Each structure stands twice: as structure tokens, then as C-alpha cells.
Amino acid sequence: MNSTSRHSVALVLLLIVNPVVDSLQLDFLDDTLDISDLGFIRRNDATNIQYHARYNTSQGLQRLRTRSASYFVSHEVNGDGRSVRSGLFANQGWTFHDSSQLRADFDFSPAQWDDRNSSGNGSFKTEQRIAANVSYGTNTKEPLSVSIAAGISEEALGGLTYRGTAGFTYKPNDRFSLDFDAEYFRRDGWLLHQEGRNMTTFAPRNGDPEWR
């Protein structure tokens, strides 16, 4: 008989004051917890606190149909008390009267520890990172709709990732549809585990169009 104790605590508080929805969540999972009993969980030796605020309104808008926003703050420490998954994540969305949509995202992660990507061969400290993305798409119910997006993000130990996409969908009726997507992707400083305590950075490139 296995006498190992298992400990987990989850606390969620939800507050709704239209048009804002606030939630606060606290999770504690110790390293003796058998996570196979709980389905998919990212890790089992962490304490995490999260605050999430969501905002959505269609009131008092002249040039917009709706406006939305989401703000998410997370701080997670592992069993050694080291910050491993902390950051601020924000996005804004605007839907216009013609049903086209504009979206902007911003993420900030402070310097913290990575104790997973080395496959059990130790921990290493990552640098402070930011990421930003903006996208725009026209009404997808129209026969012809187009979309475009661009983003930039910082890598764990330095370097930048650039991504740009553009495409269109032509659907004159329910029996015919043509999609075209093009992507430019450039990543400098992509950190991957090789073997033992060896980590290597890579710089992949991609710029292929795709028809469907």
C-alpha cells in the first residue's frame, strides 16, 4: 500500500460587475501528487496565483459595434520557491459596424527560471521578455474576406522572433471555397535541449505560401 500523502488546493473567486468579469485563482500542488488522477496538468510541484479581468461592451460606442479587453496576471513558483511562470498578458479587441475586427496583444514576462526544458538536467535563468502582436480581418461572411497579422517576441536567452501572415478566403457560394495564406517567420535564438546539460539555439526561417 502506498502511504505517500497527496496535497492539492484550488481556490477560485469570481466577481461580475457588468461589463467587467474578475476572477482570482490560487492553486497549490505538491510534488507527491499523482497528477494522472487529475487529467492533464502542466506540472505538480507549483504554487500559482492568477488574476483575470475581462471587459466587453457595446454601449456608448459610435464607430464600433463592440469593444473588448482582457488582462491576465500570473505568478507561479516551483517547489524550490523559484519563479517559473509569471507574467502580464493583455489584449484589446475592436469590432466595427461592418463586422471587421482589429486585435492587439501584449505580453510581458520577467526574468525567471526554466526547470523543465532541460529534461531533468538542471535549471537555467531566462531573461525578461516582451511580445506584441496586431491583427486585422474583414467580415468572414462576405464572399471575399482578408486578414493580416504581424508580431514580434523576445526569446528566453536573447534574440527576436518575427512573424507576419496575410491571406484571403473567396467563397462565392456554399459549394466552392478558395483559401490562400502566406507566412513569414524568422526566429533567432530558439533554445532547445540537445543532450545532458547541453542546450543549443537555432534560427529557423519560413516564408511559404499555402493554397487550400
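For the chain, modelled as a GNM whose springs connect Cα atoms under 10 angstrom apart, the maximal fluctuation among Q25, Q128, Q59 occurs at Q59.
Here the residues V20, V73, V12, V84, ranked from fewest to most Cβ neighbours within 10 Å of their Cβ, fall in the order V12, V20, V73, V84. Net charge in the neighbourhood of V12 (other residues with Cβ under 14 Å of its Cβ; Lys, Arg +1, Asp, Glu -1) is -2.
Across E142, E127, E155, mean-square fluctuation computed from a Gaussian network of the chain (C-alpha pairs under 10 Å connected) peaks at E142.
Positive contributions from Lys and Arg (+1) and negative ones from Asp and Glu (-1), summed over other residues with Cβ under 13 Å from the Cβ of D98, come out at +2.
Kindly list the residues of the range 78-121 that lie in the label zone of S23, defined by a backbone N under 18 Å from the point 7 Å along the Cα-to-C-beta vector. What the label zone holds, given the 18 Å backbone N cut-off, is 87-92. Among the chymotrypsin sites (Phe, Trp or Tyr not before Pro) found in the range 40-86, those both in a DSSP coil and sparsely packed, with 13 or fewer other Cβ atoms within 10 Å of their Cβ, are F40. Measuring nothing but how far apart in sequence close Cα pairs (under 8 Å, 6+ apart) lie, relative to its length, the chain scores a relative contact order of 10 percent. Springs between Cα atoms under 10 Å define the GNM used for the chain, and in it the highest mean-square fluctuation of L102, L61, L191 occurs at L61.
Bear in mind these aren't lab numbers, they're just calculated from the coordinates by the rules spelled out. Predicted, not measured: the structure shown is a model, and the values here were computed from it. Please note: Cβ atoms are built from the backbone with ideal geometry, for glycine as well, and neighbour counts cover all protein chains shown.
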